[in-house]
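Data first, discussion second: the structure below is written as structure tokens.
The values are calculated or read from the model by the stated rules, or taken from the named source; none is laboratory data. Here the structure is a predicted model, which is why all the values come from computation and not from measurement. Counting neighbours? That spans all protein chains shown, and the Cβs are built from the backbone with ideal geometry, glycine included. Heads up: the accessible areas ignore ligands, DNA and RNA and are worked out on the full protein's heavy atoms, side chains in. Shrake-Rupley method; radii C 1.70, N 1.55, O 1.52, S 1.80 Å.
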Amino acid sequence: MKKIIYSIAFLSLLMTSCVNDDLNYNDNKDAAYDVPAATLFANSQKALTDQLTSPSVNEGSIFRYFPQYLAATQYTTESRYRISSRAIADRQWRILYATVLGGLESTKELIPSEIIPTGYSPEAFAIEQKNKLAIVEIFEVYTFQIIVDSFGNVPYTDTFQPSTNVLPKYDDAATIYTKLIARLDAAIANLDTSNASFKTGDILYKGDVAKWKLFANSLKVKIGVNLIDTNPSLAKTTIESGFNGGVITANTDNASFNYASFAPNYNPIYENLVASKRNDFVPAATIVNAMNTLSDPRRTKYFTALDNGSYVGGKYGYTNTYTNFSHVNPILTAPDFPSLLMEASEVNFYLAEAASQGFSVGNTAAYYYNQAITASFENWGVKDQAAAYLLDPNVSFATAPGTDKQKIANQEWIAFYNRGFEAWTAYRRLDFPALVAPANAYSEAEGEVPKRLTYPINEQTVNGDNWIAGSAAIGGDKLKNHIFWDKF
């Protein structure tokens, strides 16, 4: 078996200009072991989940700051949007391209070389392997969407061709989206829900092909929703196709990454807020005050209360004395607290957005809005309080202030409290709530909440010509420039 692992995808990560077309170039002949495909797949799932879950800016994750869920106690640099000098974008790029996608590409290489177990039907084994490849492909599409939604135009066509192209060009982000939809359609068509897939290595669904099909169709809805403002016809066909194929609408089908209670596989929230013995964050007043206004019962799960029973958040972008404010609830800081990559509340909100546009998704915007909020309450253990919350005139879809889009956006933002990246994406897509950059934000933000991550420094220094072209195509490598689907 070849011992190839695409741990580094291309020159900006490789930091070398060496090109070799020897088929054994990446073989490590001194390696003591072969890494199974299932292990590589598990590693990619964990790497992506860690990156999306971690509150640590030192690990390149800033996504709890952008939606203003957390405020800093003393180190305010990142909450004031100093991105480039902290190499935050570099880590997001490296982890997603090298670790996650690199591992997935290696997984796809190894699956066809797996040996059929003794006594196993060759026909059943072939279907099982086909299912595995389709599942890895679906997860790769999910990862690529996150990369596009982070940066805009990015390397795509030239990715993972180190022997022929070490200076990857930047593909048009809208074109990548179209290709991702086509890849999802092909992967879904290759899934056989009557057969098995991964016996080990699939932490999200434990090889359940039917649940992966729900995930894939939900991902189509997610991609389609982002296209509503810029390509409504493609958005409509993509969303309706995904919905008709079956999507995640119940929490029992959530894509849940279940962390262990021990190192090194515990939740990075625990690692950074408990095991580190540091008190770098408090909940931001932005989210706390919004939930206080609605007397939102999820406050008891999101935050700790002060001695007088109140919930108080810190000022976003400024220093805050840790003991003066509410803290992140210990529920979230448990070492084995799971992280979600797709959930019922999320998909129901997407369907509410689609229904509000008149798309055919089986019910009304109000119905899915209610379902989304109820699913969120259920997931946080307060389902019995959902009905009363939905009757509040400031929450009810019929009477809540704002447009239908704003009503959905506000509740989506509240529900995404532990899903920072998706909250940032929803804020950019829906232009609500009206988040404001702190007055002391760094000049690179140009007075705005960032709309994208700037490209890594390595890209500027190593892949300069393509970085220049890619930056020019989006109006410049700036934090304030919008991803293609984020209409002004």
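Brief remarks on what is shown
- Contact order relative to length of region 342-488, as percent, for alpha carbon pairs under 8 angstrom and 6 or more apart: 15
- Rounded accessible area per residue of region 353-404, 1.4 Å, Å²: 48
- Highest average packing first - 262-271, 361-370, Cβ atoms within 10 Å: 361-370, 262-271
- Zone of Thr178's modelled label, taken as backbone nitrogen in region 217-244 under 16 Å from a point 7 Å along Cα→Cβ: 224, 227-228, 230-238
- Take the Cβ atoms of Asp34 and Asn324, set R0 to 45 Å, and the FRET efficiency comes out at 0.25.
- Summarising the label geometry, the points placed 7 Å from Cα in the beta-carbon direction at Thr304 and Thr77 lie 2.7 nm from one another.
- Averaging the sequence gap over all C-alpha pairs within less than 8 Å and six or more residues apart, then dividing by the number of residues, gives the chain a relative contact order of 21 percent.
- The calculated FRET efficiency for Asn258 paired with Glu114, based on their beta-carbon distance and R0 = 30 Å, is about 0.75.
- A 1.4 Å probe run over region 42-148, with the rest of the protein chains in place, finds 29 Å² accessible per residue.
- Prolate is the label for region 340-488. Its Cα gyration tensor axes, ordered a ≥ b ≥ c, give a/c of at least 1.5 and a/b above b/c.
- For region 55-97, backbone nitrogen atoms closer than 11 Å to the point 7 Å from Asp465 Cα along Cα-to-C-beta are found at no residue.
- Charged-residue dipole, Cβ positions (Lys, Arg, Asp, Glu), the chain about Cα centre, Debye nearest 20: 780
- The length gained on full extension between Ser233 and Ser85, counted as 0.36 nm times the residue separation minus their Cα-Cα distance, comes to 49.2 nm.
- Lys, Arg +1 and Asp, Glu -1 on Cβ, resulting dipole of region 312-395 about Cα centre, debye, nearest 20: 220
- Projected label points at Ala126 and Leu435, each 7 Å from Cα along the beta carbon direction, are separated by 5.0 nanometres.
- Sorted peptide list for 76-82, 465-471, criterion being average Cβ within 10 angstrom, highest first: 76-82, 465-471
- Distance (nanometres) between label positions extended 7 Å along Cα→Cβ at Asn244 and Asn195: 2.6
- Computed E for Ala210/Thr293 - FRET, C-beta separation, R0 35 angstrom, nearest 0.05: 0.30
- Each peptide in 302-311, 207-216 gets a packing score, the mean of other Cβ atoms within 10 Å over its residues, and the list from highest to lowest is 207-216, 302-311.
- Over the chain, the hull volume per residue, using the convex hull of the C-alpha atoms, is 151 Å³.
- Solvent-accessible area, 1.4 Å probe, carbon plus sulfur percent, for the chain: 52
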